[in-house]
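Asks: I'd like to ask some things about the structure below.
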Amino acid sequence: MKTETKIEQEFEEWLSTLGPSDLNRDLGDELSRYTTAVANARSRFQHYLSYLRLMSAREVILPDDLYFAQVRQKITARVRIKPVSRPARIRALLLPERMRPLQGIVSGALAALLLVTLVFFPGAEKPHKLSGLDRYVCLKARFSGEVELLRRGPLWKEVESEHIDILLRTAAILSSPSSLSRSRAFGNGGK
Amino acid sequence: MTEKIAELVERFKRGDESAFNELVRLFERRIYAHAYQMLGNHTEADDVLQETFVRLVKNIARLRTDANLPSFIFRIATNLCIDIIRKRQRREVNIDESDVEAARGYQLELSRRISTPEEETERRELMELITAAIAELPPKQQATIVLHDVEGYSKEEVADIMNCPQATVRSNLHIARSKVKRKLIGLLREKDE
């Protein structure tokens, strides 16, 4: 069963390799290898040849020489022949043809990446501000140090004296004679 | 022939215009016939013929082995034809009726000569059937079937021209043939009988 399938596949493969150039060739010997093992091999072969005959029967009748001379003139007018440059030759040698469509994609992707970088990080090429500072100090130590400085430093004393000043002024206002008489009047019935 | 082509290409790469003109002369008829087989009208075949050689000049540096020029030129022409077919299928472009008439009556012929009016009618119908069957295929299948079954290139050559693995050619050809055979089934039965 397996052998039959294999021969069948081989026959199909052989048929598919035939082209218009085989139409005028004697294929009897090659066909005879399959006629006993493959069912309907001969009729399938004939059917395939009929198909090939139909397809290859179309022939293009070419225009005359004058037409081709005119086409050559038009082509010559459209092109400028110049020697192929050395870099172009090297590129052609280094890059396999199947990779060439990728060349455009890769270039496009790199250009897009550069554009995005410049749009979203315009200062990316400048040195970062941190690089201008002294040696690194961790944030916690820096914060604690600054709070401590504030507490002990001249700023704290200034705030303290300001508060004392406010309290003294308040006490002076509240204990002034006009303020005391107003309080008394309020306590006696509010006339 | 291969040596002559390689020599012409080398001269052409050095900027020799006469070598380029010689190459155009060598390939112009085959390219025109190929474009005509794929597109079925003179106007588009003429465009493809000119554009193929213009692109050859632009891309000649990409040709790594000088002897591979035939595949290289046919690849350019085939890709141009595929582009035109794709545009046609997308936009349903109508081809000029006079071109179709020219194709039927003048430029596409069956290889055997026919004399009687009955045979002439039969020939036209046959041509229309084959052309319609091929035109319904996707562009790459059209290119594969035209190159292999109509123009007689081997699978290896077709793979080289279409810049794809041979397995792809085999599968495209198998699918394309099944579709075309389905369209031509009546004719094929008549021929078998």
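The values are calculated or read from the model by the stated rules, or taken from the named source; none is laboratory data. A quick note: this is a predicted structure, and the numbers were derived from the prediction, not measured. Here the Cβ is made from the backbone with ideal geometry for all residues, glycine too, and neighbour counts use every protein chain on show.
Asks: Only one of (1) surrounded by 11 or more Cβ atoms within 10 Å (Cβ to Cβ); (2) within 8 Å of chain B (Cβ to nearest Cβ); (3) closer than 22 Å to B:Val54 by Cβ; (4) hydroxyl-bearing (Ser, Thr, Tyr) is not met by A:Ser85, so which one is it?
Replies: If we test A:Ser85 against (1) surrounded by 11 or more Cβ atoms within 10 Å (Cβ to Cβ); (2) within 8 Å of chain B (Cβ to nearest Cβ); (3) closer than 22 Å to B:Val54 by Cβ; (4) hydroxyl-bearing (Ser, Thr, Tyr), just (1) comes out false.
Asks: Another question, if that's okay. Being under 20 Å from B:Glu157 (Cα atoms), outside the structural domain of B:Val146 (by TED's automatic domain parsing), modelled with pLDDT of 90 or more and assigned to a helix (DSSP H, G or I) is the requirement here; does B:Ala67 meet it?
Replies: Working: under 20 Å from B:Glu157 (Cα atoms): yes; outside the structural domain of B:Val146 (by TED's automatic domain parsing): yes; modelled with pLDDT of 90 or more: no; assigned to a helix (DSSP H, G or I): yes.
Here the answer is no, as B:Ala67 does not meet what is asked.
Asks: Then there is this: Residues of the range A:18-52 being at the interface with chain B (Cβ under 7 Å from one of its Cβ atoms) and crowded, with 16+ Cβ neighbours inside 10 Å, which ones?
Replies: Answer for the range A:18-52, where residues must be at the interface with chain B (Cβ under 7 Å from one of its Cβ atoms) and crowded, with 16+ Cβ neighbours inside 10 Å: A:Gly19, A:Pro20, A:His47, A:Ser50, A:Tyr51, A:Leu52.
Asks: For B:Tyr32, all conditions in the list (1) in a helix (DSSP H, G or I); (2) over 20 Å from B:Leu80 (Cα atoms); (3) not hydrophobic (A, V, I, L, M, F, W, C) hold save one; what is the number of the exception?
Replies: Of (1) in a helix (DSSP H, G or I); (2) over 20 Å from B:Leu80 (Cα atoms); (3) not hydrophobic (A, V, I, L, M, F, W, C), only one is false for B:Tyr32: (2).
Asks: Condition first: surrounded by 15 or more Cβ atoms within 10 Å (Cβ to Cβ) and modelled with pLDDT under 85. Now tell me which residues in the range B:70-100 satisfy that.
Replies: If we filter the range B:70-100 for residues that are surrounded by 15 or more Cβ atoms within 10 Å (Cβ to Cβ), which is where we start, we get B:70-82, B:84-85, B:88, B:99-100.
Selection gives B:Asp99, B:Val100.
Asks: Within the bounds of the range B:155-175, is there any residue that is modelled with pLDDT of 65 or more, in contact with an Asp or Glu (Cβ under 7 Å, 6 or more places away or on another chain) and under 21 Å from A:Glu13 (Cα atoms)?
Replies: Yes: one or more hits.
Asks: Separate question: Does the range B:145-188 hold any residues that are among the small types (Gly, Ala, Ser), crowded, with 17+ Cβ neighbours inside 10 Å and either at the interface with chain A (Cβ under 10 Å from one of its Cβ atoms) or in contact with a Phe, Trp or Tyr (Cβ under 7 Å, 6 or more places away or on another chain) (or both), and which are they? Let's see the steps before the verdict.
Replies: Of the residues in the range B:145-188, the ones among the small types (Gly, Ala, Ser) are B:152, B:154, B:159, B:167, B:171, B:176, B:178, B:186.
Remaining after also requiring crowded, with 17+ Cβ neighbours inside 10 Å: B:159, B:176.
Hits for the range B:145-188: nothing passes.
Asks: OK, next. Can you tell me which condition A:Ala39 does not meet? The list is (1) assigned to a loop (DSSP other than H, G, I, E, B); (2) under 20 Å from B:Lys155 (Cβ atoms), and all the others hold.
Replies: Going through (1) assigned to a loop (DSSP other than H, G, I, E, B); (2) under 20 Å from B:Lys155 (Cβ atoms) one by one, A:Ala39 breaks only (2).
Asks: Looking at A:Ser161, A:Ser181, can you tell me which residue is modelled with pLDDT of 75 or more and small (Gly, Ala, Ser)? Walk me through how you get there before you give the answer.
Replies: Working: A:Ser181 fails: modelled with pLDDT of 75 or more.
The unique qualifying residue is A:Ser161.
Asks: Return the residue satisfying two criteria in turn: it lies in the range A:56-78 and is part of a loop (DSSP other than H, G, I, E, B) and buried (at least 17 other Cβ atoms within 10 Å of the Cβ), and of such residues it is nearest to the other protein chains (Cβ to nearest Cβ).
Replies: A:Ala57
Asks: Taking the criterion of being crowded, with 20+ Cβ neighbours inside 10 Å and closer than 19 Å to B:Val150 by Cα, would at least one residue in the range B:2-24 satisfy it?
Replies: No, the range B:2-24 has no match at all.
Asks: So A:Ser32 clears everything in (1) of a type in the set (S, T, N, Q); (2) part of a helix (DSSP H, G or I); (3) under 30 Å from B:Tyr32 (Cα atoms) except one condition, right? Which one?
Replies: (3)
Asks: In addition: Can you pull out every residue in the range B:124-151 that is more than 13 Å from the chain's Cα centre (by Cα), of a type in the set (A, V, I, L, M, F, W, C) and assigned to a helix (DSSP H, G or I)?
Replies: The initial filter retains those residues of the range B:124-151 that are more than 13 Å from the chain's Cα centre (by Cα), namely B:124-130, B:132-133, B:136-138.
Applying the additional criterion that residues be of a type in the set (A, V, I, L, M, F, W, C) yields B:126-127, B:129-130, B:132-133, B:137.
B:Leu126, B:Met127, B:Leu129, B:Ile130, B:Ala132, B:Ala133 - these are the residues of the range B:124-151 that are more than 13 Å from the chain's Cα centre (by Cα), of a type in the set (A, V, I, L, M, F, W, C) and assigned to a helix (DSSP H, G or I).
Asks: For the range B:30-87, which positions are within 11 Å of chain A (Cβ to nearest Cβ), of a type in the set (Phe, Trp, Tyr) and within 12 Å of the chain's Cα centre (by Cα)?
Replies: Within the range B:30-87, B:Tyr32, B:Tyr36 qualify.
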